[in-house]
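The values are calculated or read from the model by the stated rules, or taken from the named source; none is laboratory data. Please read all numbers here as calculations on a predicted model, not as lab measurements. Cβ atoms come from the backbone with ideal geometry, glycine included; neighbour counts cover every protein chain shown.
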Amino acid sequence: MIKKLGDYMGSRKTLLPWSIAISAVNGLLTLIPYILLWLVVRTLIISGGDVSDPKVKDYALWAFLISIVDLILYFVALMLSHLTAFRMETTMRKKAMENVMKAPLGFFENKNTGIMRKVIDENASETHTLIAHILPDLASSIVSPLGVIALLIIVDWQLGLATLIPIIISFGIMVYMMNPAKNHFQRNYLNALEKMSSEAVEYVRGIPVVKTFQQSVFSFKQFYDSIVSYRDLVIKYTIFWRMPMSLYTVVINSCAFILVPTGIIMIGHQGDTATIISDMILYVLIAPIIAANIMKIMNLGQNIFLTSEAIKRMEKMTVAEELSENDIPKKCTHFDINFENVSFRYEDAKNDAISNINLNIPEGTTIALVGESGSGKTTIARMIPRFWDVCEGCVKIGGIDIKQMDKHELMKNISFVFQNTRLFKTSILNNVCYGNPNATLDEVNRAINLSQSREIIDRLPNGLNTIIGSEGTYLSGGEQQRIVLARAILKNAPIIVLDEATAFADPENEHIIRQALTHLTKDKTVLMIAHRLTTVKDVDKIAVIEKGKIAEQGTHDELMAKKSLYYNMWNEYQKAIDWKI
Ligand SMILES: Nc1ncnc2c1ncn2[C@@H]1O[C@H](COP(=O)(O)OP(=O)(O)OP(=O)(O)O)[C@@H](O)[C@H]1O
Ligand SMILES: [Mg+2]
C-alpha cells in the first residue's frame, strides 16, 4: 500500500519524510514547557512561594518561546504533509479517470456512473487523513511518550514505575483491540455502507415509478434491508468494542489514582515532602500525554486499514481490462463485416449469450436481426464496436480482425444508435457536432434536414443554439432520436449499427424516423435490430436469432417461403397489427 501511495505522490514523495522528521522534533519539544513548568513549581515550593526569584521568570519565558517554536514546527510539518496528500489525491482521481476512459464500452454497461463518481471521489479523500495527519502525528505520538517515559524514570524511578503500571496494562488492551482479526468487522462495515448508498441511489431513481403505481415506500425492500443490516452491524460493532474500550479509557486515565497513594507512602518513608509533591505535579501533568498519544497510535491501525480498503475499492471499480491492440494497427479500406464462429459469454454468466455466430454483411448492404427478447441481438451488435471482446472466433471488418485495428479508427468507422442514446445538456448544435466536430454549419443543417429534425429546430426559441433541458425545452423520445440520427448522419461513418432505433416512435413518428434512417443508411454497411417486422421487410438479409444462435437467414421472401420461424413471427406480427386496428 505504501508503495502505491508513494507512486501517487509523485515528486512530492520526498516531502513526507521531512514532515515526519519535523513532527518528531516537535513531539520532543512539546515536553520541554512541561519540564519548565515543573521547575517553576519546584522553585516556588522550595522558596516558599517567592515569585521574585529571577529563575522563575526565565523558566516562564523559555516555556513561552519554546511553545511558539513548537507551534511553528507543527505548522510546517502539517503543511508539508498536506502538500503531499493533496498531490496524491489529485493523482488518484486522475489515474482513476484515465483508466475509466480507456475501458471498453461494455465496462459502463453494468456500472452505475453516479456510484462510480462517488467511489472515486470518496475513496481518494479517504487517503487524506492518513498522509496529511496520521503519519506526521505518528512520529510525535511515538517520540513524545518515549520522552515522557524516560523523564518519568529519570526524575524519580519509584513514582515512574507506579505511573507505568496503568500504561502497560492499557497498552495490552490496545494490542488486543488492534488485532488484525478484528479487521473483518471493518470490512463488513464498509461493505454495508457501500450497499446502503447504492441502494439509496436506486431508491431515489425509482421514486417516479413508486409514485405512479402508488406503492408504499416498503416496495423498496432492498433499500430497507440494507439499512437494517447496516444498523445491525453498527450495533454489533459497538457492543463488541464497549468493554475493551471502557476498560482502556478507565485504566489509561488512572495514573493520578495510583500516584497519590504512592506519593503518600513515599513521604511517610523519605519525608522530603516538597520534592515529592513537586515531582508528583510533573507526573500528573505529563502522564496524560502518553494516554493521548497511545490513542493516536491506535487510530493509525484503523486508518491504515481504511486507506488500503479505499485503494482496493477504487481500483476494483475503475481498473478495467484495456482492450488489446496491435503494435502496428491495421487500417481497413473495405467495410464488409464478417462474424466468424463468434461466441460470447458475459462475465459470471453460466451460458454463452451468443454462440457460433457466422454472419456476413457485404459492404453497402443491410442486415436485420430479429428474434425474441433476450435472444442475443444486442449482444451481437455490440461485438462490432468492441463493447466487449469475443470469447471465441473473430469479427472482421474489410477482412481485418477488429482486435488488430486502431481503436480510434474503429470508432471513427462506426456510428451506433441505441434506443437509449442520450443527448447532452448543451445546445442542439453541440449535440449534433459530437458526430463531427469539424463540420461546417451547412453540413450541420443538411444533417438536420435529412434527419427530419428541421421542424423541431424551428419550434425552439433559439433554434440550433437552444440548450436542451433549459427554458422549458424538453424533447420527446422520438424527437431526441431524430437529433441523435442527425448526429449519426453528420458523422457519415461507413458502418451503421442500429438497435431498436424506431422503438420510441408512434406510427406517425415512425414514418418520419424511417425516412431519416433511409438517409442515414444509404450506401452504408448496416446492422439493424428492430422489433417491428415491417421495418425490416425490405432489407437485403434478415437473420433470425434464437437462444444466441442464428436459426435461419435470408431475404423476407425466402424466409416466408420456408414457412418456419420467421414465417410464424410474421403472421403473429400481422395479427398484432390487425388487433390494434
Ligand atoms: N450487460 C450484461 N451482463 C450480463 N448479461 C447480459 C448483459 N446484457 C445482456 N445479457 C444477457 O444476454 C442475453 C442476451 O441479451 P441481449 O440484450 O443481447 O438480448 P436481445 O435479443 O437484444 O433482447 P431484447 O430484444 O430484449 O433487446 C440475455 O440472456 C441477457 O440476460
Ligand atoms: Mg436488445
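The set of residues from the range 286-337 being assigned to a loop (DSSP other than H, G, I, E, B) and among the aliphatic types (A, V, I, L, M) comprises VAL319, ALA320, LEU323, ILE328. Does at least one position in the range 372-384 carry a residue that is away from ligand 1 (no atom under 11 Å from the Cβ), part of a loop (DSSP other than H, G, I, E, B) and either within 31 Å of the chain's Cα centre (by Cα) or surrounded by fewer than 19 Cβ atoms within 10 Å (Cβ to Cβ) (or both)? Yes - at least one qualifying residue is present in the range 372-384.
Pairs are defined by a Cβ separation below 6 Å, a sequence spacing of at least 6 or placement on different chains, a first member in the range 512-535 that is assigned by TED's automatic domain parsing to the domain that holds ALA486 and within 16 Å of ligand 1 (Cβ to nearest atom), and a second member that is at pLDDT 80 or above and part of a strand (DSSP E or B); the pairs so defined are LEU527/ILE367; LEU527/VAL497; MET528/ALA368; MET528/LEU498; ILE529/LEU369; ILE529/ASP499. Considering the conditions (1) closer than 30 Å to MET97 by Cα; (2) without any contact (Cβ under 8 Å) to a residue 12 or more places away in the chain, THR249 is excluded by exactly one of them, (1). Scanning the range 357-371 for residues that are among the hydrophobic types (A, V, I, L, M, F, W, C), within 13 Å of ligand 1 (Cβ to nearest atom) and farther than 15 Å from GLY393 by Cβ yields ALA368, LEU369, VAL370. Any residue in the range 95-113 that is in the same structural domain as SER198 (by TED's automatic domain parsing), more than 30 Å from ILE277 (Cα to Cα), of a type in the set (Gly, Ala, Ser) and assigned to a helix (DSSP H, G or I)? The answer is yes; a qualifying residue exists. Here LEU490 meets the list (1) more than 16 Å from ligand 2 (Cβ to nearest atom); (2) in contact with a Gly (Cβ under 8 Å, 6 or more places away or on another chain); (3) closer than 22 Å to MET383 by Cα almost entirely, failing just condition (3). Scanning the range 383-400 for residues that are within 16 Å of ligand 2 (Cβ to nearest atom) and out of contact with any strand residue (DSSP E or B) (no Cβ under 8 Å at 6 or more places or on another chain) yields one hit, PHE387.
Sub-6 Å Cβ pairs linking a first residue in the range 285-314 that is closer than 17 Å to ALA24 by Cα to a second residue that is small (Gly, Ala, Ser) and buried (at least 17 other Cβ atoms within 10 Å of the Cβ), at least 6 apart or interchain, are ILE289/SER144; ASN293/SER141; ASN293/SER144; LYS296/SER141; ILE297/SER141, ordered by first then second residue.
State all residues of the range 93-107 that are surrounded by fewer than 16 Cβ atoms within 10 Å (Cβ to Cβ) and away from ligand 2 (no atom under 16 Å from the Cβ); if no residue qualifies, say none. Passing the criteria: LYS94, MET97, GLU98, MET101, LYS102.
Among the residues of the range 338-348, just one is within 16 Å of ligand 2 (Cβ to nearest atom) and out of contact with any strand residue (DSSP E or B) (no Cβ under 9 Å at 6 or more places or on another chain), namely TYR346.
Candidates ALA488, ALA493, ALA516, ALA551: the one that is touching a helix residue (DSSP H, G or I) at 6+ places or on another chain (Cβ under 6 Å), under 26 Å from GLU363 (Cα atoms) and part of a loop (DSSP other than H, G, I, E, B) is ALA493. The number of residues in the range 527-558 that are more than 24 Å from ALA353 (Cα to Cα) and away from ligand 2 (no atom under 16 Å from the Cβ) comes to 9. In this structure, does GLN404 turn out to be within 16 Å of ligand 2 (Cβ to nearest atom), surrounded by fewer than 19 Cβ atoms within 10 Å (Cβ to Cβ) and in contact (Cβ under 8 Å) with a residue 24 or more places away in the chain? No; evaluated as a whole, the condition is false for this residue.
If you scan the range 98-150, which residues turn out to be of a type in the set (Lys, Arg) and in contact with an Asp or Glu (Cβ under 7 Å, 6 or more places away or on another chain)?
Scanning the range 98-150 gives a single hit, LYS102.
Can you go through VAL251, VAL201 and tell me which one is in the same structural domain as LEU300 (by TED's automatic domain parsing), surrounded by fewer than 16 Cβ atoms within 10 Å (Cβ to Cβ), among the β-branched types (Val, Ile, Thr) and modelled with pLDDT under 90?
Exactly one of VAL251, VAL201 is in the same structural domain as LEU300 (by TED's automatic domain parsing), surrounded by fewer than 16 Cβ atoms within 10 Å (Cβ to Cβ), among the β-branched types (Val, Ile, Thr) and modelled with pLDDT under 90, namely VAL201.
In the range 322-337, the qualifying residues are those that are charged (D, E, K, R) and in contact (Cβ under 8 Å) with a residue 12 or more places away in the chain, and the one that is nearest to ligand 2 (Cβ to nearest atom) is ASP336. With respect to the conditions (1) closer than 26 Å to ILE32 by Cα; (2) within 16 Å of ligand 1 (Cβ to nearest atom), LEU300 lacks only one, and its number is (2).
Here the range 537-568 is the region considered, the condition is being more than 13 Å from ligand 1 (Cβ to nearest atom) and among the aliphatic types (A, V, I, L, M), and the residue that is farthest from GLY477 (Cα to Cα) is ALA561. Picking from residues in the range 349-371 that are under 21 Å from ASN413 (Cβ atoms) and part of a loop (DSSP other than H, G, I, E, B), the one that is nearest to ligand 2 (Cβ to nearest atom) is THR365.
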